[in-house]
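Participant: Pasting a structure here, questions to come.
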Amino acid sequence: MTARLPSLNGLRAFEAAARHLSFTQAASELNVTQTAISHQIKRLEEELGIPLFVRQNRALTLTPQAKDYLPGIRAAFNDLRLATDRLLRKDDDHVLTVSTLASLAAKWLLPRLTAFQEEHHGIDVRITTSTSLVDFQRDNVDAAIRYGRGQWPGLRADWLMADELFPVCSPSLLKGNKSLKCPEDLRDHVLLHTSNANSDDWRLWLWAAGLPADFSKQPGVTFDMIFMTVQAAIDGLGVAMGRTAYVQEDIAKGRLVVPFKITLPVDAGFYLVSPAGRTDPPKLSAFRQWLVASAQAKP
């Protein structure tokens, strides 16, 4: 016999209150009164014949039965949201939204994207940049390019490329009055740094090259995005610490040179990530196949 479904309003109230552990915050989210939330949950408990919350002074906790019940309810509402989103976005089946880092987009993805557009005229690619991890259930994003070790629960991660650290500079710098034949010669040059996630790159490479760690603290210039650091190196402002994905195109085209043979491998890399356990729409399948092949090809 098929079990009768409880009140949808009661389930919505339960999911929101369980997420916030607050009737007040659930009421604010659902745009109803706290009394309405309380009545809806009480009715749901009566329908189920099971207590869902332990009500204490200024505190709300889930009963053991509610903790078991909540994941299924949450998944059901997520499925409803996704189904509705797909229904309302029928006209966007040709639009592929990809999230990535601003510097990776500028220095690696965008120079290659023309090739994808030439092969797939019917797909409109939209690039959005962010340093935050994508929430595929909330954000209007089909896939993301992210840096790490490929272990993200609930996500499919397709390997794109590894990363190595090594100094780069403009060819004009090698022709200048100041020598740049060995790492010790960096003392006579401006070091270009990138803050945030890449702030330790110079120190790590200098350590691998056998130079003291405080060598990296000599006066230099710091940028908040690596593509700006790379551009400063191209313009001859100083020597930058390059990462493979961000400089390989400029090296191939002669805008940058690698003055030393010492490279430092990094134990992480770039991946194309997307929700696991779903059938890919054709636009994402086409993009994944192209991007993986493009990442493996030499610039």
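Participant: Filtering segment 204-219 down to residues that are out of contact with any Lys or Arg (no Cβ under 7 Å at 6 or more places or on another chain) and without any contact (Cβ under 8 Å) to a residue 24 or more places away in the chain, which residue is least open to solvent (accessible area, probe 1.4 Å)?
Facilitator: Applying the filter and picking the extreme gives LEU206.
Participant: Can you name the condition, by its number, that THR222 falls short on among (1) part of a strand (DSSP E or B); (2) out of contact with any His (no Cβ under 7 Å at 6 or more places or on another chain); (3) open to solvent by 10 Å² or more (accessible area, probe 1.4 Å)?
Facilitator: (2)
Participant: Sticking with this structure for a sec: Got a sec? Which of ASN57, ASN31, ASN9 is modelled with pLDDT under 85 and either open to solvent by 30 Å² or more (accessible area, probe 1.4 Å) or small (Gly, Ala, Ser) (or both)?
Facilitator: Unique residue meeting the criteria: ASN57.
Participant: Quick check, is SER170 of a type in the set (Ser, Thr, Tyr) and in contact with a helix residue (DSSP H, G or I) (Cβ under 9 Å, 6 or more places away or on another chain)?
Facilitator: Against the criterion (of a type in the set (Ser, Thr, Tyr) and in contact with a helix residue (DSSP H, G or I) (Cβ under 9 Å, 6 or more places away or on another chain)), SER170 qualifies.
Participant: Does LEU180 satisfy the condition of being hydrophobic (A, V, I, L, M, F, W, C), buried (at least 18 other Cβ atoms within 10 Å of the Cβ) and part of a loop (DSSP other than H, G, I, E, B)?
Facilitator: Spelling it out, LEU180 is indeed hydrophobic (A, V, I, L, M, F, W, C), buried (at least 18 other Cβ atoms within 10 Å of the Cβ) and part of a loop (DSSP other than H, G, I, E, B).
Participant: Taking GLN248 as meeting all but one of (1) outside any helix (DSSP H, G or I); (2) within 18 Å of VAL266 (Cβ to Cβ), write down the number of the exception.
Facilitator: Among (1) outside any helix (DSSP H, G or I); (2) within 18 Å of VAL266 (Cβ to Cβ), the lone unmet condition for GLN248 is (1).
Participant: In segment 185-203, how many are part of a loop (DSSP other than H, G, I, E, B) and open to solvent by less than 30 Å² (accessible area, probe 1.4 Å)? Spell out how you get there, then give the answer.
Facilitator: So the first thing to find is which residues in segment 185-203 are part of a loop (DSSP other than H, G, I, E, B), and the list is 189-190, 195, 199-200.
Checking which are open to solvent by less than 30 Å² (accessible area, probe 1.4 Å) leaves us with 189.
Final tally of qualifying residues: 1.
Participant: Any residue in segment 229-245 that is modelled with pLDDT of 95 or more, open to solvent by less than 10 Å² (accessible area, probe 1.4 Å) and assigned to a loop (DSSP other than H, G, I, E, B)?
Facilitator: So far as segment 229-245 goes, no, none of its residues is modelled with pLDDT of 95 or more, open to solvent by less than 10 Å² (accessible area, probe 1.4 Å) and assigned to a loop (DSSP other than H, G, I, E, B).
Participant: Ok, one more. Looking at ASP267 and the list (1) touching a helix residue (DSSP H, G or I) at 6+ places or on another chain (Cβ under 8 Å); (2) in contact (Cβ under 8 Å) with a residue 60 or more places away in the chain; (3) over 25 Å from GLU184 (Cβ atoms); (4) among the charged types (D, E, K, R), which single condition is not satisfied?
Facilitator: (1)
Participant: Looking only at segment 267-299, which residues are among the aliphatic types (A, V, I, L, M) and either within 16 Å of ARG156 (Cα to Cα) or open to solvent by less than 20 Å² (accessible area, probe 1.4 Å) (or both)? Walk me through it before giving the result.
Facilitator: Start the filter on segment 267-299 by keeping residues that are among the aliphatic types (A, V, I, L, M), which leaves 268, 272-273, 276, 284, 286, 291-293, 295, 297.
Once the filter is applied, which keeps residues that are among the aliphatic types (A, V, I, L, M) and either within 16 Å of ARG156 (Cα to Cα) or open to solvent by less than 20 Å² (accessible area, probe 1.4 Å) (or both), segment 267-299 yields ALA268, LEU272, VAL273, ALA276, LEU284, ALA286, LEU291, VAL292, ALA295.
Participant: Then there's this: Of all residues in segment 12-28 being in contact (Cβ under 8 Å) with a residue 40 or more places away in the chain and surrounded by 15 or more Cβ atoms within 10 Å (Cβ to Cβ), which is farthest from ILE73 (Cα to Cα)?
Facilitator: Taking the candidates together, the pick is ALA17.
The values are calculated or read from the model by the stated rules, or taken from the named source; none is laboratory data. Keep in mind it's a predicted model, so treat the numbers as computed, not measured. Positions of Cβ are backbone-derived with ideal geometry, glycine not excepted, and every protein chain shown enters the neighbour counts. Accessible surface areas use protein heavy atoms only, side chains included; no ligands, DNA or RNA. Shrake-Rupley method; radii C 1.70, N 1.55, O 1.52, S 1.80 Å.
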